[in-house]
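Values in this text are rule-based calculations from the coordinates and carry no lab data. What you see is a predicted model; the values in this text were computed from it and never measured. Ideal geometry is used to build each Cβ from the backbone, glycine not excepted, and the neighbour counts take in all protein chains shown.
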Amino acid sequence: MASSAVVTANQLIIMAELKLFRTWSSRFSLRVVWALDLKGIQYDTIFEDLSNKSSLLLQYNPVYKKVPVLVHNGKPLLESLVILEYIDETWKQTPLLPEDPSERAMARFWAKFGDDKVLPSIWNVFIKQGKDQEEAIVTAQENLGCVERQLTGKKFFNGETIGLVDLAFGWLANLLSVFEEVCGVTLIDLEKFPLLLEWIQNFADAPIIKESWPPRDKLITKYQALHEVYTSKEAPK
Amino acid sequence: MAEETVKLLGYWASPFALRVKWALKLKGIQYQYVEEDLPNKSPMLLQYNPVHKKVPVLVHDDKPLAESLIILEYIDEVWKQNPLLPIDPYERAKARFWAKFAEDKCGPAVMAAFSKKGEEKEKAAKEARENLKTLESGLEGKRFFGGETIGFVDIAAGWIGCWAQMTGEIIGIKLIDAETMPLLDAWFKDFLEVPFIKECMPPQDKLLEHNREFHKILTAAST
């Protein structure tokens with residue numbers, strides 16, 4: 001956790017009780033880790049085993065029973081993008097969202113597009129085979145094309161510094177290559193997605209961000225096992 | 001003059017466009033309304049929302065915004081009167097959570113019950129009722145999600161009551177009832193009686209007929 005940001009006495013009081021429930025690999029939990037670390041906020045981490053959820057997790061998130069859950073002074077915050085907005089409103093240093101309302105709306109739009117369209121379409125490529133997979137690749141690349149265009153003239157989606165949309169798309173910087181390796185498909189190539197590839201490099205290597213990546217070999221093992229489950233269910237085409 | 005700077009592209013039967021109409025009405029914002037003929041989307045709509053090509057689109061000072069819940073937050077940030085979201089960050093987070101829950105779990109479940117047949121329909125209806133029961137817990141015993149007055153979640157989820165009622169009539173399965181969800185049932189009724197909410201609603205008989213036709217098309221298409 002970063003300690004380089006200057007913390008005021010008031011912030012120390014607000015930080016008093018801050019706990020993050022997460023797993024080692026959860027891409028949504030990682031967004032919250034980054035947001036807290038970028039703002040220099042101290043917190044306790046509780047690692048959950050999702051096959052054996054703690055009673056605390058079930059108590060804090062009875063609706064979804066999922067991570068991440070951020071508990072601030074006993075009050076649970078749920079849903080990673082909602083948590084990010086809460087963090088940004090509570091701790092004003094290193095803002096994640098711009099000030100201008102229309103720019104904020106655009107940031108929310110692209111974060112939502114990432115979760116609603118990009119992520120599921122890439123997951124589809126990962127779990128499907130044959131002709132279904134070919135169709136899934138077309139859809140995924142169309143969605144990635146929309147994202148690529150958002151990087152025109154910018155280092156990060158937020159401009160010169162990392163913001164909400166960068167954190168929302170963060171999983172692209174580590175998980176995408178894991179998916180590509182496990183299922184043997186290259187989705188993002190230099191010809192079609194030069195800006196996205198550059199963003200991936202910049203984001204993956206950024207201070208604070210790079211300190212939290214889960215171990216790649218462990219991710220490969222995890223997703224290899226998942227891939228086998230999904231592709232063995234499919235009838236051969 | 002003010003009317004020219006705010007434009008809403010919508011469709012009369014779209015619950016998502018309705019949300020934006022409600023928010024604009026609540027805040028007393030003048031705007032120009034453009035009715036889209038959805039089977040024949042206008043070049044303007046395609047230009048303003050190239051990613052999703054859907055309504056609603058709010059255009060403010062020539063800047064187009066899409067996705068109704070995001071438009072609601074924008075409206076709330078630009079026009080401060082009659083706020084939709086509370087001031088306290090934790091209360092705001094709760095509101096965003098329940099709006100998202102209604103959006104991700106309740107709306108689609110009602111739509112699934114509406115568009116499927118036989119066993120799939122029964123299963124979808126059961127899921128819709130369960131999710132609506134969960135939504136009820138978000139009320140925390142209050143009259144509206146916003147407390148004594150309409151707020152963000154009320155506007156985000158309010159359409160579901162009306163559509164769930166119509167769906168129930170069309171498919172013959174009740175999705176909301178006073179017995180199992182007394183608070184939610186009371187909330188939907190109270191919500192639909194609020195004057196500015198009522199004023200923006202499309203004519204009920206026309207909407208029911210429209211949805212009956214839509215149901216026929218969807219269930220003919222599904223195997």
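Below is a table of values for the structure above.
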{"item": "Angle between chain A longest axis and helix A:101-113 axis [Cα atoms, degrees, rounded to 10]", "result": "50"}
{"item": "Residue pairs, from the table A:39/A:75; B:53/B:174; A:53/B:117, whose Cα atoms sit over 29 Å apart", "result": "B:53/B:174; A:53/B:117"}
{"item": "Inter-label distance for residue B:218 and residue B:148, nm, one decimal - labels placed 7 Å from Cα along Cα-to-Cβ", "result": "3.9"}
{"item": "Helix A:194-205 vs. chain A, principal-axis angle (Cα, 0 to 90°, nearest 10)", "result": "40"}
{"item": "Electrostatic dipole magnitude of region B:64-213 [Cβ: Lys, Arg +1; Asp, Glu -1; Cα centre; debye, to 20]", "result": "240"}
{"item": "Efficiency of FRET between residue A:160 and residue A:56 - r from beta-carbon atoms, R0 30 angstrom, step 0.05", "result": "0.15"}
{"item": "Partner chain coverage, peptide A:100-113 - average Cβ within 10 angstrom", "result": "5"}
{"item": "C-alpha long axis of helix A:80-90 to longest principal axis of chain A, angle in °", "result": "30"}
{"item": "Per-residue average of Cβ from other chains inside 10 Å of B:62-70", "result": "4"}
{"item": "Considering only chain B, percent of DSSP beta bridges that pair antiparallel, nearest 5", "result": "70"}
{"item": "Three-way shape call for the protein assembly as shown based on the alpha-carbon gyration tensor, with the a/c threshold at 1.5", "result": "rounded"}
{"item": "Per-residue mean of C-beta atoms belonging to partner chains within 10 Å, peptide B:89-96", "result": "6"}
{"item": "Nearby aspartates and glutamates by direct alpha-carbon distance to residue B:142 (threshold 17 angstrom, same-chain neighbours under 8 apart not counted)", "result": "B:91, B:154, B:185, B:190, B:193"}
{"item": "Whether chain B is rounded, prolate or oblate, judged on the alpha carbon gyration tensor where a/c under 1.5 counts as rounded", "result": "oblate"}
{"item": "Global geometry of region B:102-181, whether rounded, prolate or oblate, following the gyration tensor of its Cα atoms and the 1.5 cut on a/c", "result": "prolate"}
